[in-house]
Amino acid sequence: MRALIIGVGQCGTKIADLFALVDFEALAINTSKSDLDYLKHIPKERRILIGESLTGGKGVNANPILGREAMKRDLSMVMKKINAMVGYSDVDIFFLTFGFGGGTGSGGAPILAEALKSEYPDSLVVAVGALPLKEEGIRPTINAAITIDKLSKVVDSIIAIDNNKLKESGEDITRAYEKINRTIVERIASLLALIDIPGEQTLDSSDLKFVLNAFGSFATVGYAKAEASKVRNLSRLILKSFENEGLYLEANIESALYGLVAIHGPPELLKARDIFEALSYLTKKIKGKQIFRGFYPDLREKEIEVVTLLTGIYESKSIEDIVVVAKKYAQSFIKAKEEAVTKKNELLTGLPDFDDIYPGEINERLD
């Protein structure tokens, strides 16, 4: 299958750059020239600076209105570059990577997603976005909530990553961000690498597209890996891939409509009993009762790798917390703004005009 990774904004282009490192087709779009220059793996001809006439190439300072306008102004240039990359071969999935709390990503990603859906109606558009830290303040939270709302009406699935998991890491901030970005790439790349590959039971492009075509709902990717010699119970390892926190998203997996499981490892350890025991449990657990599966015995492998995908998720504490905070703030802000306007009008109502106070001044001076 063919996937094209499009990074939008600082966060998104860093993730796209890591996809390019592992040989995925990737494109970087940003309003900041210095951020584009920082990238290491995406070729310069696949880096697009948008909104230069608006920002001077210095970014939008987390302002989604400027990010939206920058994408609108240069959308034809962006689509022309994408068309050139796509060529005559179909793209199964466009992955848009970005940060929900920023300006270029939150403002520009929905505009680009809508254009891709219009230009490539047979391709899926999947958003892969990082949720802001609570400590970043109210503005990124507002940006995230509104962007989630906009994207849910356009894209096929939203894979959200909760950056609040950074705080649980003992590493410095740079390494913590890098770890999350690499985790995103590792899990999605591992899943895509097994699609359309011959196996005992094969997952093909249509299976993945069916699962990801989930009405703009949320999705999460789980992962579990262990040395073959240390695996005593494969069923437990499969369940672990669902029970971990996916791409750092706190979600109720029981609310999922669809699931997909890919298992790769030494043939002698892929026991049918263990596999079907775990899959039977998971099928009963999720709301939609549909799990696609792929089994890939490989004599060369010394490890067992399990990649899982859950989509159609409508219950996520990570998302709900952001939306609730954003709604409360928006309501209080709008109320405060209305009160301020009312008080201003009350204060100034009844004042005369200058002509009422200084009658005849102009005429006297003219005389």
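The values are calculated or read from the model by the stated rules, or taken from the named source; none is laboratory data. If you're wondering where the values come from, they're calculated on a predicted model, not measured in any experiment. All Cβ positions, even for glycine, are placed from backbone atoms using ideal geometry, and neighbour counts span all protein chains on display. Calculation scope for accessible area: heavy atoms of the full protein, side chains included, ligands and nucleic acids excluded. Shrake-Rupley method; radii C 1.70, N 1.55, O 1.52, S 1.80 Å.
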Tabulated pairs, region 152-178, first β-branched (Val, Ile, Thr), second open to solvent by less than 90 Å² (accessible area, probe 1.4 Å) and modelled with pLDDT under 85, C-beta under 8 angstrom, 6+ apart or interchain: 159/247; 161/247; 161/248; 173/166
Has region 30-37 got at least one residue that is surrounded by 15 or more Cβ atoms within 10 Å (Cβ to Cβ) and closer than 20 Å to residue 126 by Cα? yes
Within the group 67, 102, 51, which residue is more than 20 Å from the chain's Cα centre (by Cα), buried (at least 24 other Cβ atoms within 10 Å of the Cβ) and not charged (D, E, K, R)? 51
Of all the helices (runs of 4 or more DSSP H) wholly in region 315-367, which have at least 3 residues that are under 30 Å from residue 250 (Cα atoms) and under 47 Å from the mean Cα position of the chain (by Cα)? 317-348
From the list 263, 253, exactly one residue is under 18 Å from residue 161 (Cβ atoms) and among the β-branched types (Val, Ile, Thr). Which is it? 253
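For every residue, the table says whether it meets (1) farther than 24 Å from residue 37 by Cβ; (2) of a type in the set (Ser, Thr, Tyr); (3) free of Cβ contacts under 8 Å to residues at least 12 places away in the same chain; (4) in contact with a helix residue (DSSP H, G or I) (Cβ under 7 Å, 6 or more places away or on another chain).
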{"residue": "60", "(1), (2), (3), (4)": "no, no, no, yes"}
{"residue": "75", "(1), (2), (3), (4)": "no, no, no, yes"}
{"residue": "82", "(1), (2), (3), (4)": "no, no, no, no"}
{"residue": "121", "(1), (2), (3), (4)": "yes, no, yes, no"}
{"residue": "147", "(1), (2), (3), (4)": "yes, yes, no, yes"}
Taking the residues in region 244-265 that are within 21 Å of the chain's Cα centre (by Cα) and in a helix (DSSP H, G or I) as candidates, determine which candidate is nearest to residue 186 (Cα to Cα). 253
Taking residue 275 as the residue in question, decide whether it is open to solvent by less than 90 Å² (accessible area, probe 1.4 Å), hydrophobic (A, V, I, L, M, F, W, C), out of contact with any strand residue (DSSP E or B) (no Cβ under 6 Å at 6 or more places or on another chain) and closer than 17 Å to residue 214 by Cβ. no
Only one of these conditions is not met by residue 324: (1) open to solvent by less than 100 Å² (accessible area, probe 1.4 Å); (2) in contact (Cβ under 8 Å) with a residue 40 or more places away in the chain. Which number is it? (2)
Give region 226-252 a look and list any residue that's touching a residue at least 24 places away in the same chain (Cβ under 8 Å), within 21 Å of residue 128 (Cβ to Cβ) and open to solvent by 30 Å² or more (accessible area, probe 1.4 Å), or say none. 245, 248, 250, 251, 252
Scanning region 276-302 residue by residue, those more than 21 Å from residue 220 (Cβ to Cβ), in contact (Cβ under 8 Å) with a residue 24 or more places away in the chain and not in a loop (DSSP other than H, G, I, E, B) turn out to be 277, 295, 296, 297
Count of residues meeting criterion [closer than 19 Å to residue 329 by Cβ and polar (S, T, N, Q)] in region 142-162: 2
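Quick check: anything in region 294-304 touching a Lys or Arg at 6+ places or on another chain (Cβ under 9 Å) and surrounded by 10 or more Cβ atoms within 10 Å (Cβ to Cβ)?
To start, the set of residues in region 294-304 that are touching a Lys or Arg at 6+ places or on another chain (Cβ under 9 Å) comprises 303-304.
Filter again for surrounded by 10 or more Cβ atoms within 10 Å (Cβ to Cβ), leaving 303-304.
Yes, region 294-304 has at least one match.
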Output the number of residues of region 203-242 satisfying the condition of being in contact with a strand residue (DSSP E or B) (Cβ under 6 Å, 6 or more places away or on another chain), assigned to a loop (DSSP other than H, G, I, E, B) and more than 18 Å from residue 310 (Cβ to Cβ). 1
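So which of 99, 137, 107 ends up being of a type in the set (Gly, Ala, Ser) and free of Cβ contacts under 8 Å to residues at least 12 places away in the same chain? Steps first, please.
Details: 99 fails: free of Cβ contacts under 8 Å to residues at least 12 places away in the same chain; 107 fails: free of Cβ contacts under 8 Å to residues at least 12 places away in the same chain.
None of the other options fit; the residue is 137.
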Return yes when residue 223 is touching a helix residue (DSSP H, G or I) at 6+ places or on another chain (Cβ under 6 Å), over 27 Å from residue 23 (Cα atoms) and either among the β-branched types (Val, Ile, Thr) or open to solvent by less than 40 Å² (accessible area, probe 1.4 Å) (or both) and no when it is not. no
